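These notes concern the structure reproduced below.
The values are calculated or read from the model by the stated rules, or taken from the named source; none is laboratory data. Note that the coordinates shown come from a computational prediction; the quantities given were computed from them, not determined experimentally. Counting neighbours? That spans all protein chains shown, and the Cβs are built from the backbone with ideal geometry, glycine included.
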Amino acid sequence: MNGQTNGQTNDQTNNALLVRGKAAPRGRFPHVRRAGDFVFVSGTSSRRPDGSFAGASADAMGTTTLDIREQTRAVIENIRDLLAAAGGDLTDVVNVSSYLVNMNDFGGYNEVYGEYFDENGPARTTVAVHQLPHPHLLIEISCIAHIPQRSAV
């Protein structure tokens with residue numbers, strides 16, 4: 001790819017996709033990569049295109065408050081948008097890998113996750129990690145979706 005991140009680009013040689021209106025990846029990887037009928041969504045956070053984070057706020061004294069529920073909701077909504085750009089939606093997700101900085105946040109994360117997926121939803125793994133790429137991040141999620149390619153007419 002040409003490093004372009006402000007527009008939707010689809011490199012047919014490697015089936016990589018950067019999605020317009022989403023935060024640019026902080027590294028050399030796409031938001032989404034297609035391999036046949038499978039779509040792999042790179043680790044996604046609550047980071048907004050302007051570099052701020054959903055679920056992270058500071059008061060007048062500079063005290064930062066982080067909200068796992070708000071971050072989880074923002075991550076899943078970001079994933080929904082990325083899947084839409086690849087021609088799918090959350091019902092196409094077959095596997096989810098979630099990374100929490102603190103397992104004490106599992107309850108809030110799981111509560112919001114349940115708003116989007118039920119017990120018949122995707123297979124899921126949730127692990128605790130030492131840290132994520134920014135201190136305001138409590139969660140990152142990557143997933144795999146099955147989105148059959150449309151035949152050319």
Exercise for review: Would you point out the residue of segment 97-118, among those that are among the polar types (S, T, N, Q) and surrounded by fewer than 18 Cβ atoms within 10 Å (Cβ to Cβ), that is nearest to the chain's Cα centre (by Cα)?
Suggested key: SER97
Practice item. Taking the options ALA58, ALA85, name whichever one is of a type in the set (A, V, I, L, M), at pLDDT below 95 and within 22 Å of GLY108 (Cα to Cα). Key: ALA58
Check your understanding: In segment 112-128, what count of residues is obtained for those that are assigned to a loop (DSSP other than H, G, I, E, B) and among the charged types (D, E, K, R)?
Key -> 2
Exercise for review: Output yes when any residue across segment 100-108 is in contact (Cβ under 8 Å) with a residue 12 or more places away in the chain and part of a loop (DSSP other than H, G, I, E, B), and no when none is.
Suggested key: yes
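So is GLY62 out of contact with any Cys (no Cβ under 6 Å at 6 or more places or on another chain), more than 19 Å from CYS143 (Cβ to Cβ) and small (Gly, Ala, Ser) or not?
Yes: the conditions hold for GLY62.
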Review point. Restricting attention to segment 76-99, which residues are in contact (Cβ under 8 Å) with a residue 60 or more places away in the chain, among the aliphatic types (A, V, I, L, M) and in a helix (DSSP H, G or I)?
Key: ILE76, ILE79, LEU82, LEU83, ALA85
Revision key, fill the gap. Filtering segment 48-84 for residues that are within 20 Å of ARG33 (Cβ to Cβ) and either crowded, with 19+ Cβ neighbours inside 10 Å or more than 15 Å from the chain's Cα centre (by Cα) (or both) leaves a count of 6
Exercise for review: For ASP11, state whether it is at pLDDT below 95, surrounded by fewer than 18 Cβ atoms within 10 Å (Cβ to Cβ) and acidic (Asp, Glu).
Suggested key: yes
